[in-house]
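What follows is a set of notes on a single structure, which appears directly below.
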Amino acid sequence: MRTRLSALLRSKTPGGWLVTIAIYALALTWLYPFAWMVTASLKPTAQIYTTGLFAGNWTLDNFRFLLATADKLDRPFLAALGISALVTVSVTASVLVTSAFIAFALARLRFPGRKLFGDFLLLQMVIPTTMFILPLFVLVKELGLLNSLAALVLPFMMSGWGIYMMSQSFRSMPEEYFDAARLDRASLWQTVTKVVMPLNTSIIAIVALFTFTGTWDNFLWPLIAISEADRMPLSVLLATFSKQYGGYAGPVMAGAVLQTLPLAVLFLLFRRQFLQGMALSLK
């Protein structure tokens, strides 16, 4: 089916042109909400619903409102942006390190319970994460970590999906690389960081990108674990602002742009690694 579709797209027949036009139309339909969000963030609130997509008076007042005036409404967006960045970078770095070492052990080492651990990893991946929300909340509360950055970082320092993806890639590496590392008396840290990870940059990139995206957009857990506005990440702070000050449509759209912009920039910078990793994960 995929081969026939590709051949149809490359052909100059009427059917090929129709399929191409349909694909572009679907792409524009998907992009329209994002275009509307960006243009709405650059208009006065009164003109958002009364003018066309690219009509109206362009201004940056909505962004100025978020970075200055919103503090008076107990919604410190600039601080929330920094919290989101700190939490996302910390979780992503931790997931990459823990996933790489655990995946290496699972893929290349022999130890008692290895198969059982792999089965448990697969089981954990198929169970909905919402089932763990209540036990996780009780645990974090008992540890006294509610309303702290630790509550947003510690529960997500390891990823079963990241371990599984990396272990599948590590298994396909030729044994000669590890023989050479043993001959050079490389330590476990050196083997993983200087041999394994540089040879699996595509799969590491896909784990990093998905972890970064999932952490940056995470909403449910921060909403439960953080109740103080000055410690909320951007996703939760924007939602509370939209609920209480829904009349500020322009600043709400500006906040949505700030929420989306890092992900768009990240994809544009690393789209090659992203596509390579996607191709590897689908094999």
Condition met for residue 38 (open to solvent by 50 Å² or more (accessible area, probe 1.4 Å) and within 30 Å of residue 164 (Cα to Cα)):
no
Condition first: farther than 20 Å from residue 92 by Cα, open to solvent by less than 40 Å² (accessible area, probe 1.4 Å) and modelled with pLDDT of 85 or more. Can you find one or more residues in region 206-222 that meet it?
no
With the structure loaded, tell me whether residue 138 is of a type in the set (A, V, I, L, M) and within 28 Å of residue 261 (Cα to Cα) or whether it fails that test.
no
Could you say whether any residue in region 237-252 is at pLDDT 85 or above, in the same structural domain as residue 136 (by TED's automatic domain parsing) and open to solvent by 10 Å² or more (accessible area, probe 1.4 Å)?
no
Which one of 34, 101 is over 22 Å from residue 262 (Cα atoms), in a helix (DSSP H, G or I) and touching a residue at least 24 places away in the same chain (Cβ under 8 Å)?
101
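With respect to residue 118, is the statement that it is among the small types (Gly, Ala, Ser) and either closer than 30 Å to residue 237 by Cα or outside any helix (DSSP H, G or I) (or both) true?
no
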Looking only at helices (runs of 4 or more DSSP H) that lie completely in region 146-185, which have at least 1 residues being assigned by TED's automatic domain parsing to the domain that holds residue 218, open to solvent by 70 Å² or more (accessible area, probe 1.4 Å) and over 25 Å from residue 93 (Cα atoms)?
175-183
Conditions: (1) open to solvent by less than 30 Å² (accessible area, probe 1.4 Å); (2) outside any helix (DSSP H, G or I). Residue 91 meets all but one. Number of the miss?
(2)
Taking region 106-145 as the region of interest, how many residues are surrounded by 10 or more Cβ atoms within 10 Å (Cβ to Cβ), aliphatic (A, V, I, L, M) and at pLDDT below 85?
5
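The values are calculated or read from the model by the stated rules, or taken from the named source; none is laboratory data. Owing to the predicted nature of the structure, the values given are computational and were not obtained by experimental measurement. Here the Cβ is made from the backbone with ideal geometry for all residues, glycine too, and neighbour counts use every protein chain on show. What goes into the accessible areas is simple: the full protein's heavy atoms, side chains included, and nothing from ligands, DNA or RNA. Shrake-Rupley method; radii C 1.70, N 1.55, O 1.52, S 1.80 Å.
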